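Here's the structure we're looking at; comments come further down.
The values are calculated or read from the model by the stated rules, or taken from the named source; none is laboratory data. This is a predicted model, so every value here is computed, not measured. Neighbour counts run over all protein chains shown; Cβ positions are idealised from the backbone, glycine included. The accessibility values were calculated without ligands, DNA or RNA, using every heavy atom of the protein model including side chains. Shrake-Rupley method; radii C 1.70, N 1.55, O 1.52, S 1.80 Å.
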Amino acid sequence: MKIICIGRNYSEHAKELGNEVPEDPVIFMKPDTAVLKKGSDFYIPEFSDDVHYELEVVLKISKGGKYIQKEAASKHYEEIGLGIDFTARDLQSKLKDKGLPWELAKGFDGSAVLSDFVSKENYDLQNLNFSLAKNQELVQNGNTKDMIFSFDDIISFASQYFTLRVGDLIFTGTPQGVGKVMENDFMEAYLENQKMFGLKIQ
């Protein structure tokens, strides 16, 4: 299983980090060891003093493919979920300043939190609300209608470079409102009005 992640896919999020809005999807990867075991707490890594949450809709690939055309992309996933792409922002900034890859800041153990997956047939994927609360305060509130690149755009683009296989995951980007987590914070993620997971920060 590989984890493909899309950066800067909501224009307001790109702006809040001082990044240009991209012309093509910005892709980075997480190893499978980044997945946080279900039911586990998230532990802030010792190498960062500025870990940020980034809530995202996640696609689970159900049909593999290469060079997938956009009009056929929807046939390659049946389920969606929510995930948090935890980012060591201080480390990422240092790496970006040196023109180096981001993986140390993005792919560390436990940095990919996942909900259970649900059938996409139950949702309007073009107008999908999702949100994140920290200590019962709303911090992120996104809608897929604001994505720069749609789910189908992402699948088609990524498959030009990587063969997609059954079980691969795609984090599709985060809306504005990202921020720092602290020890003892409690995060709750919602898809429409359904709670998808709760997470304790240690």
* Asked: Restricting attention to region 178-195, and to residues there that are touching a residue at least 12 places away in the same chain (Cβ under 8 Å) and in contact with an Asp or Glu (Cβ under 8 Å, 6 or more places away or on another chain), which single residue is most open to solvent (accessible area, probe 1.4 Å)?
  -> LYS180
* Residues (touching a residue at least 24 places away in the same chain (Cβ under 8 Å) and over 17 Å from the mean Cα position of the chain (by Cα)) located in region 77-119 -> GLU78, ASP90, LEU91, PRO101, SER119
* Asked: Looking at (1) without any contact (Cβ under 8 Å) to a residue 60 or more places away in the chain; (2) among the polar types (S, T, N, Q); (3) farther than 23 Å from ILE68 by Cβ, which is the only condition SER150 fails?
  -> (3)
* To do: Could you please let me know if PHE28 is assigned to a loop (DSSP other than H, G, I, E, B), open to solvent by 10 Å² or more (accessible area, probe 1.4 Å) and not aliphatic (A, V, I, L, M)?
  => no
* Output the strands (runs of 3 or more DSSP E) that fall wholly within region 49-112 and possess 3 or more residues being open to solvent by 70 Å² or more (accessible area, probe 1.4 Å), or say none. => none
